[in-house]
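The values are calculated or read from the model by the stated rules, or taken from the named source; none is laboratory data. What you are looking at is a predicted structure, and each value in this text was computed from that prediction instead of being measured. Cβ placement follows ideal geometry from the backbone for every residue including glycine, while neighbour counts extend to all protein chains displayed. Heads up: the accessible areas ignore ligands, DNA and RNA and are worked out on the full protein's heavy atoms, side chains in. Shrake-Rupley method; radii C 1.70, N 1.55, O 1.52, S 1.80 Å.
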Amino acid sequence: ACTHQPTPEPSAVRAGNLSRKSELPGRVVAGALVMVRFDKYTMELVFQKYRLTEEALQEIDSHLAEDAPKLSGGDAMMDAAELRRAMAEMGDTVGGRELHEMVMQADPGAVGAITWQNFTAVISMREEQLKREHSETLLTNAYVALGGSSDKEQSVFSNTLIAITQDFCGGQQAAKGVVAVERHRMESVLSVLDMGGSLDEEEQEELKDISKISLGDIREYMAAITSA
């Protein structure tokens with residue numbers, strides 16, 4: 001695989017009572033460096049900080065149906081209403097829609113309490129989401145640097161990307177990326193044909209010519225040269 005900088009792991013938080021030093025990089029969103037820490041140590045601190053007391057759990061229990069499980073007699077629970085603050089403690093600013101989705105996953109019964117297991121599941125989901133966002137940002141920045149448009153519709157010349165790959169990763173990896181682009185285009189053609197569509201001669205020639213590539217092509221190219 002091509003030697004490259006991996007997607008940064010979520011890193012140290014500079015918020016609340018959980019500030020800790022770290023040498024790991026953070027993530028860049030809209031030009032700002034956002035430091036996020038999703039390690040188990042920090043998650044445990046956050047969970048304990050927003051942990052519901054036995055009295056609070058008993059209050060929740062009193063509003064549940066008689067046949068519902070009693071939360072106060074089970075595992076430790078975190079206050080679901082404080083999930084946004086909990087995320088902020090770890091340095092992550094969560095929007096309204098994202099928060100709603102997280103709460104739905106963490107507290108599917110809508111009782112107002114989150115188990116440790118559900119909390120860690122939500123954090124894992126959020127971590128993967130941030131990694132995907134970061135990777136997409138890097139990809140888009142590379143596309144724009146190659147001459148791409150802000151609407152992501154314009155194709156760019158592939159020779160610069162291929163030359164950079166050859167310099168840093170070798171000709172074999174560059175060729176691997178080209179093959180991935182060709183495969184990606186062929187799959188697109190088959191998809192069109194499967195739906196009853198057709199391609200004229202000019203469109204067929206454009207598909208064969210990879211001197212200009214789209215953002216989608218670049219995504220396939222980068223995935224190929226960075227894979228093991």
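Here Lys152 fulfils each of the conditions (1) under 21 Å from the mean Cα position of the chain (by Cα); (2) in a helix (DSSP H, G or I) apart from (2). Any idea which of (1) modelled with pLDDT under 95; (2) assigned to a helix (DSSP H, G or I); (3) open to solvent by less than 80 Å² (accessible area, probe 1.4 Å) is the one Glu202 doesn't satisfy? Result: Glu202 fails condition (3) only. Give the residues of the stretch 117-152 that are among the hydrophobic types (A, V, I, L, M, F, W, C), modelled with pLDDT of 90 or more and open to solvent by 80 Å² or more (accessible area, probe 1.4 Å), sorted by residue number. Matches in the stretch 117-152: Ala145 only.
Cβ contacts < 8 Å: first residue among the hydroxyl-bearing types (Ser, Thr, Tyr), restricted to the stretch 129-146; second residue open to solvent by less than 70 Å² (accessible area, probe 1.4 Å) and at pLDDT below 90, any location; separation 6+ or different chain. Result? That search, which allows pairs on different chains as well, returns Ser135/Thr7; Thr137/Val28; Thr137/Val29. Restricted to the stretch 171-227, and to residues there that are touching a residue at least 40 places away in the same chain (Cβ under 8 Å) and small (Gly, Ala, Ser), the residue that is nearest to Leu138 (Cα to Cα) is Ala223. Tell me, which residue of the stretch 159-199 that is in contact with a Cys (Cβ under 9 Å, 6 or more places away or on another chain) and of a type in the set (S, T, N, Q) is least open to solvent (accessible area, probe 1.4 Å)? Here the answer is Thr165. The number of residues in the stretch 80-108 that are outside any helix (DSSP H, G or I), small (Gly, Ala, Ser) and in contact (Cβ under 8 Å) with a residue 40 or more places away in the chain comes to 1.
Restricting the first member to the stretch 49-73 and to residues that are over 13 Å from Ile114 (Cβ atoms), and the second to residues that are open to solvent by 70 Å² or more (accessible area, probe 1.4 Å) and at pLDDT below 80, the beta-carbon pairs closer than 6 Å and six or more apart or on different chains are Asp61/Lys70.
Applying the set (1) surrounded by 16 or more Cβ atoms within 10 Å (Cβ to Cβ); (2) under 17 Å from Leu130 (Cα atoms); (3) touching a helix residue (DSSP H, G or I) at 6+ places or on another chain (Cβ under 7 Å) to Gly91 leaves exactly one unmet item: (3).
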